[in-house]
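First comes the structure, then the notes that go with it.
The values are calculated or read from the model by the stated rules, or taken from the named source; none is laboratory data. Since the model is a prediction, treat every value here as computed from it, not as a measurement. Counting neighbours? That spans all protein chains shown, and the Cβs are built from the backbone with ideal geometry, glycine included. SASA here: full protein model, heavy atoms, side chains in, ligands and nucleic acids out. Shrake-Rupley method; radii C 1.70, N 1.55, O 1.52, S 1.80 Å.
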Amino acid sequence: MSTRTAVVTGASSGIGAATARHLAAAGYRVLLTARRKDRIEALAAELTEAGHEAVAHTLDVTDRAAVDAFAAGVGGSVEVLVNNAGGALGSETVATADPADWRTMYEVNVLGTLHMTQALLPALTGSGDGTVVVLSSTAALATYEGGGGYVAAKHGAHVIAETLRLELCGSPVRVIEVAPGMVRTDEFAVTRFRGDEEKAAAVYAGVAEPLTADDVAETIAWAVTRPSHVNIDLLVVRPRAQASNYKVHREF
C-alpha cells in the first residue's frame, strides 16, 4: 500500500504540531503548513530524523491564491486534511469589541477552513477514502460573555463541518469535527490577551489538569484512524474539571 498523505494546517505549534507528530507516528506522510517557516521546517526535520515522512510548506490559509498553489503542487491524492489553523483575539464584549479582531478570527477560523477544504476536496475525493477534520471548539456549541467574536467564528467552522457532511453523503469522504474545551498551550491564551501573560495564566488558575495539545492530537489521530466506514461526526473533549464553558472546578 502506498503511503497515505495528511495535510495539517497551523502545524507550527500547539495542537497542530502535536497532531502532525501523532499522524506521522501512525504512518502518514505529513505535509506541515503554517506561516512560520522556521517552526514547521524544524518540525519536519524532527519527524524525518525519527524515520517519518514530513514536508514543510509555508502557507497562510487566508490567502486563497497561495492555498490554490499549494493544492496544485501537492500532486496525487490526499487522504486527510486537518483544518487546525485558527485562534482567538480579545475578550471584549459585543458592545466594545474591535470589528477588525472579529474579521481576523472569521478569516482564519472560517474562511481558512473553507479555502483549504475547497482546494483539497478533489484530491481527498480522488483518494477513494478521504477525511476532512475540522478543529472547532466547545465555543462552537455554546456562547459565553466576552467570547462573542471567537464564538461566532467557531460556530462558523462547526456549520461548515455539518453542512459539508450532508453535501458529501454518499461520497468516499468523511467529515470529522473535534471540539476541545479548555486546552493549555504555549500560545493560545497569550495571543488572545495580546501578550498579557498574567491574564493568560488566570484562565487556567486553580485548574489542576487542563487538556494538553497532545491530549487533543491523540483524539484527532484516533478519530482519523477509525475504519473507513466509521465517522466520528462530533467529538467534544474537555478536562474532567470543566463541565461547560463557564463551569470549571478550581482549587486555590
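Could you count how many residues in the stretch 47-72 are part of a helix (DSSP H, G or I), open to solvent by 60 Å² or more (accessible area, probe 1.4 Å) and touching a strand residue (DSSP E or B) at 6+ places or on another chain (Cβ under 8 Å)?
Total satisfying the criteria: 1.
For the stretch 85-134, name all the residues that are β-branched (Val, Ile, Thr), farther than 15 Å from Gly156 by Cα and open to solvent by 30 Å² or more (accessible area, probe 1.4 Å).
Thr93, Val94, Thr96, Thr125
State the number of residues belonging to the stretch 165-217 that are in contact (Cβ under 8 Å) with a residue 40 or more places away in the chain and at positive phi.
Qualifying residue count for the region: 2.
Say whether the condition of being within 14 Å of Ala217 (Cα to Cα), in contact (Cβ under 8 Å) with a residue 60 or more places away in the chain, of a type in the set (Ser, Thr, Tyr) and part of a helix (DSSP H, G or I) is met by at least one residue in the stretch 17-34.
Yes, there is a match, as at least one residue in the stretch 17-34 is within 14 Å of Ala217 (Cα to Cα), in contact (Cβ under 8 Å) with a residue 60 or more places away in the chain, of a type in the set (Ser, Thr, Tyr) and part of a helix (DSSP H, G or I).
Could you run through the stretch 207-234 and say how many residues are within 16 Å of Thr138 (Cβ to Cβ) and surrounded by fewer than 16 Cβ atoms within 10 Å (Cβ to Cβ)?
So the count comes out to 1.
Which condition number in (1) under 19 Å from Leu23 (Cβ atoms); (2) within 21 Å of the chain's Cα centre (by Cα); (3) not hydroxyl-bearing (Ser, Thr, Tyr) is the one that Ala140 fails?
Evaluating Ala140 over (1) under 19 Å from Leu23 (Cβ atoms); (2) within 21 Å of the chain's Cα centre (by Cα); (3) not hydroxyl-bearing (Ser, Thr, Tyr) leaves (1) as the failure.
Which numbered condition trips up His158, out of (1) more than 17 Å from Gly90 (Cβ to Cβ); (2) open to solvent by 20 Å² or more (accessible area, probe 1.4 Å); (3) over 14 Å from the mean Cα position of the chain (by Cα)?
Answer for His158: the failing condition is (3).
I'm told Ala152 meets every condition in (1) open to solvent by 30 Å² or more (accessible area, probe 1.4 Å); (2) closer than 27 Å to Glu92 by Cα; (3) over 21 Å from the mean Cα position of the chain (by Cα) except one. Can you identify the failing condition by its number?
Failing condition for Ala152: (3).
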